[in-house]
């Protein structure tokens, strides 16, 4: 196990170095990055000063090392518009984004499993065909468009659900106000449904198809035939024998899933005016606030890599085949 | 859909007289018609392709001509003379939505196909090299692939486009580079399994050079799964392009795109201009759905396990 942990740790560090290097180099893609940091009307003097202040006049490798060094101290530069530390601005918005992503992940997994199982058990019937067609549709619509449609028809036309607004749960928890967090839950839930669906529809559809095919594969294995041959109830065959093994591919993807959902969050938050990192990034894009975009990208990378590492380690603990291969 | 799991499924077995030589095209046509849904997909894609190619000839109006008096006209509204000038309505600047959608097909399809071509070409080439030569080259290429795969690339795409500025070329390049890993991994795996086969040995023993073996012997035998991936990939790139356009990172606003019209619709939602949001979304959905259905069919068709059973 420890060899596996070390290997995975080194791998994660490599990935983070790669990502930071890429996001650092991106700044230099268009030539001198100084121009990204000054206004169009800046004088020559101002440009030279900015260049020196930000160290863009130094050799590239020195700049990268400096970037890494500052990053280690939690310094990802100042936001150009707000004139505040970019990392702080991103962290402020993080709880709302985590809430949305977690919610999307939970419901897309929780719904996909029963749907996939039913589809597999009813294989070849109209139910199966219908479910798979809807799942195919779910994989083919742009998530943000679903969001817009939900706002139009469920929000504005039927007035069933709120079209914007965010009720915080994680933030009061962080402040230690447990009872406030708890009383906020029902209202938060109502506000999460449409944005959550928007973020999670693709994963829900894909997971449902994944569970179905993995279930079908497991059901055709010999140990299932054995279980049936010894007269076990079909319910137990499905739930106890087949189901657990059918879940493996879904669980494997959970870590990657989170990152995938995070990237969908940027558009979904924009659609629903959700006060998270995604909308911050959207605004930063429009204002060309490069350090802010960079801070969000780097933070997401750390989150993503960290979570994957965690999932893999738990997974290796549960399933010895993983760490031995 | 997803019929790969049971290779012996009778409905997929092509029953033909074994004495008759059947061309691949005929077999494909037979299987396509039998499957049903993919035909619909093919028809929809054909229509979109037609719109993309002949957009300027088909579009009833200039997609950028503004008409501020008629801004946000609802679809199918007739004027005093009883003519429907704007079948799909107009946008906030009074531009014809139908014409903009027709022009938009061009960008969406082109970005999807070209980006996949770039990514597919790059990935296949690197995968072939990594698989064939192995060693340090293999290690370096696959480590880079791992790094890219271990990170949601769309975030980096956003960053690159913010720095470089948006534009069709940048968009296509960045989206394309984002795709290479999948192709590289598959091409590498296929190459490794083909490398030791007898036909490669035979080619080598008659003195064929590495490049000839790679391109004439190995490449054709790795193409099938790559083509399947490519069809799904075009679908996902079209979705990414729409997202990026929606974020204002796609092509410049003067160029009409489906994602761009959707982005504009966001400001008009409360005003009730539903048509700006509905039509381009349906166009994206139909295109992507068609590609996914065709990809599914293609996978089943090209899967050797299915073929063996016939």
Exercise. Which of rounded, prolate, oblate describes chain A, given a ≥ b ≥ c as roots of the alpha-carbon gyration tensor eigenvalues and a/c under 1.5 marking rounded, otherwise prolate only if a/b is larger than b/c?
Worked result: prolate
For this session: Please determine, in degrees from 0 to 90 and to the nearest 10, the orientation of helix B:168-177 with respect to the longest principal axis defined by the Cα atoms of chain B, where the helix direction is its Cα long axis.
Result: 30 degrees
Exercise. Roughly what % of Cα-Cα distances in the protein assembly as shown sit above 44 Å, to the whole percent?
Worked result: 25 percent
Exercise. What is the spin-label model distance, in nm, from residue A:157 to residue B:198 if the labels are put 7 Å beyond Cα along the C-beta direction?
Worked result: 6.5 nm
Exercise. Mind checking the angle between helix A:86-121 and chain A's longest principal axis? C-alpha axes, 0 to 90 degrees, to the nearest 10.
Worked result: 20 degrees
Seminar exercise, completed: A correct fewest-to-most ranking of B:111, A:169 by other Cβ atoms within 10 Å would be A:169, B:111
Problem set entry | Relative exposure of B:65, B:71, judged by other C-beta atoms within 10 Å (fewest first) | B:65, B:71
For this session: Starting from the Cα of residue A:48, step 7 Å along the direction of its Cβ; do the same at residue A:229; then give the gap between the two resulting points in nm.
Result: 8.8 nm
Problem set entry | Angle between chain A longest axis and helix A:126-140 axis [Cα atoms, degrees, rounded to 10] | 10 degrees
Problem set entry | Per-pair calculated FRET efficiency, R0 = 45 Å: residue A:190 and residue A:32 via Cβ, rounded to 0.05 | 0.35
For this session: Express in whole angstrom the spacing between the alpha-carbon centres of segment B:134-196 and segment A:62-125.
Result: 22 Å
Exercise. For residue A:1 and residue A:221, FRET efficiency with R0 = 45 Å and r from the beta-carbon atoms, rounded to 0.05?
Worked result: 0.95
Exercise. Between B:127, B:207, B:89, which gets the highest mean-square fluctuation from a Gaussian network model of chain B, Cα cutoff 10 Å?
Worked result: B:207
Problem set entry | Label point distance in nm, residue A:127-residue A:8, each placed 7 Å from Cα along Cα→Cβ | 3.7 nm
Exercise. In whole percent, what relative contact order does segment B:156-283 give with Cα contacts below 8 Å and a gap of six or more residues?
Worked result: 24 percent
Problem set entry | Relative contact order %, chain A, counting alpha carbon pairs below 8 Å whose residues are six or more apart | 27 percent
For this session: Let me know the shape class of chain B, please: from the alpha-carbon gyration tensor, a ≥ b ≥ c as square roots of the eigenvalues, rounded when a/c is under 1.5, otherwise prolate if a/b is greater than b/c, or oblate.
Result: oblate
Problem set entry | Shielding by partners, peptide A:115-124 (average Cβ within 10 angstrom, other chains) | 1
Seminar exercise, completed: Taking a ≥ b ≥ c as the square roots of the eigenvalues of the Cα gyration tensor, with a/c under 1.5 meaning rounded and otherwise prolate when a/b exceeds b/c and oblate if not, segment A:166-273 is prolate
Problem set entry | Selected from B:296, B:79, B:139 as most flexible by GNM, with chain B as the system and alpha-carbon contacts under 10 Å | B:79
Seminar exercise, completed: Out of A:274, A:160, A:145, a Gaussian network model of chain A with alpha-carbon springs under 10 Å gives the largest mean-square fluctuation to A:160
Exercise. For chain A, what is the mean residue ellipticity at 222 nm derived from helices alone (per DSSP H run of n ≥ 4: -39500 (n - 2.57); sum divided by total residues; nearest 500 deg cm²/dmol)?
Worked result: -24500 deg cm²/dmol
Problem set entry | FRET efficiency, 1/(1 + (r/R0)^6) with R0 51 Å, evaluated for residue B:25 and residue A:302 via beta carbons | 0.50
Problem set entry | Where a label projected 7 Å from the Cα of residue B:77 along Cα→Cβ would reach, residues of segment B:99-115 with amide N under 11 Å | none
Exercise. Any idea what the relative contact order of segment A:215-325 is, in percent, if you count C-alpha pairs under 8 Å spaced at least 6 apart?
Worked result: 20 percent
Exercise. So how do A:282, A:302, B:54 line up by other beta-carbon neighbours within 10 Å, fewest first?
Worked result: B:54, A:302, A:282
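Coordinate-derived values only; no laboratory data. For clarity, every value in this text was computed on a predicted model and none was experimentally measured. Counting neighbours? That spans all protein chains shown, and the Cβs are built from the backbone with ideal geometry, glycine included.
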